[in-house]
Amino acid sequence: TATAAGAGISSQAVVAPHADVRLQLGGTGRIEGTTTDLASGSFEVAFDACTLGPDRNVPVAHEPRLVEVHGGRFTIDNVPACALLMTLHWRGISEHKALAVGIDRPSHLELDLGTPRETGQVASAELVR
């Protein structure tokens, strides 16, 4: 298994001894998302692992990022293209999310965070897919 920040992940079974094994990293994709009530601000995301099969999670290069939200929208580029497991942090709350990230088109993620419009109080920061 090989992974590199900004280049993706690759996993291949090899029977030893074996020579000339080449792993090609799977590439990266893009996440485009919205926040339900947070018009501007930021949250942190950390990529944890790629799911490569039932009960087979492979850790990826850990690279926490600060994601800026403008007009209730955000983008995250150079995301490992895989069934990605990630952790989101906002105002002391952490949530784990899973999202299929492809190379050929953006993946979409909606996050329920921000101040509720009805009450004006801080939301519970429940994050949802």
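The values are calculated or read from the model by the stated rules, or taken from the named source; none is laboratory data. If you're wondering where the values come from, they're calculated on a predicted model, not measured in any experiment. With ideal geometry, Cβ positions are generated from the backbone for all residues, glycine too; neighbour counts draw on all protein chains shown. Note: areas computed on protein heavy atoms with side chains; ligands, DNA, RNA excluded. Shrake-Rupley method; radii C 1.70, N 1.55, O 1.52, S 1.80 Å.
May I ask you to list pairs of residues, at least six apart or on different chains, whose Cβ atoms are under 6 Å apart, with the first in segment 94-105 being within 13 Å of residue 47 (Cα to Cα) and touching a residue at least 40 places away in the same chain (Cβ under 8 Å) and the second being open to solvent by less than 30 Å² (accessible area, probe 1.4 Å) and not in a loop (DSSP other than H, G, I, E, B)?
Hits for this filter: 96/87; 99/84; 99/107; 99/109; 101/29; 101/79; 101/84; 101/107.
Could you check segment 62-89 and list, in sequence order, the residues that are under 12 Å from the mean Cα position of the chain (by Cα) and part of a loop (DSSP other than H, G, I, E, B)?
Matches in segment 62-89: 62, 63, 64, 81, 82.
Any residue that is modelled with pLDDT of 90 or more, open to solvent by 10 Å² or more (accessible area, probe 1.4 Å) and out of contact with any Asp or Glu (no Cβ under 9 Å at 6 or more places or on another chain) - is there at least one of those in segment 28-45?
The answer is yes, given that some residue of segment 28-45 is modelled with pLDDT of 90 or more, open to solvent by 10 Å² or more (accessible area, probe 1.4 Å) and out of contact with any Asp or Glu (no Cβ under 9 Å at 6 or more places or on another chain).
Give me a count of the residues in segment 52-61 that are outside any strand (DSSP E or B) and out of contact with any Phe, Trp or Tyr (no Cβ under 7 Å at 6 or more places or on another chain). Lay out the reasoning, then the answer.
Within segment 52-61, the subset outside any strand (DSSP E or B) is 54-55, 60-61.
Cutting the leftovers down to out of contact with any Phe, Trp or Tyr (no Cβ under 7 Å at 6 or more places or on another chain) gives us 54-55, 61.
The total comes to 3.
Looking at (1) buried (at least 18 other Cβ atoms within 10 Å of the Cβ); (2) more than 15 Å from residue 29 (Cα to Cα); (3) in contact with an Asp or Glu (Cβ under 9 Å, 6 or more places away or on another chain), which one does residue 59 not meet, given that it meets all the others?
Checking residue 59 against (1) buried (at least 18 other Cβ atoms within 10 Å of the Cβ); (2) more than 15 Å from residue 29 (Cα to Cα); (3) in contact with an Asp or Glu (Cβ under 9 Å, 6 or more places away or on another chain), the one that fails is (1).
Starting from residues that are in a loop (DSSP other than H, G, I, E, B) and of a type in the set (A, V, I, L, M), keep the ones in segment 91-105 and report whichever is modelled with the highest pLDDT.
Our first condition is that a residue be in a loop (DSSP other than H, G, I, E, B); within segment 91-105, this holds for 91-92, 101-105.
Narrowing further to those that are of a type in the set (A, V, I, L, M): 101, 103.
Numbers: 101: 92, 103: 86.
It comes out as 101.
If residue 67 satisfies every condition in (1) at pLDDT below 90; (2) surrounded by 12 or more Cβ atoms within 10 Å (Cβ to Cβ) but one, which is the exception?
Condition not satisfied by residue 67: (1).
Tell me, which residue of segment 6-27 that is touching a strand residue (DSSP E or B) at 6+ places or on another chain (Cβ under 8 Å) and surrounded by fewer than 14 Cβ atoms within 10 Å (Cβ to Cβ) is modelled with the highest pLDDT?
Looking at the filtered set, the residue picked out is 23.
Of the residues that sit in segment 106-129 and are among the aliphatic types (A, V, I, L, M) and at pLDDT below 85, which one is farthest from the chain's Cα centre (by Cα)?
122
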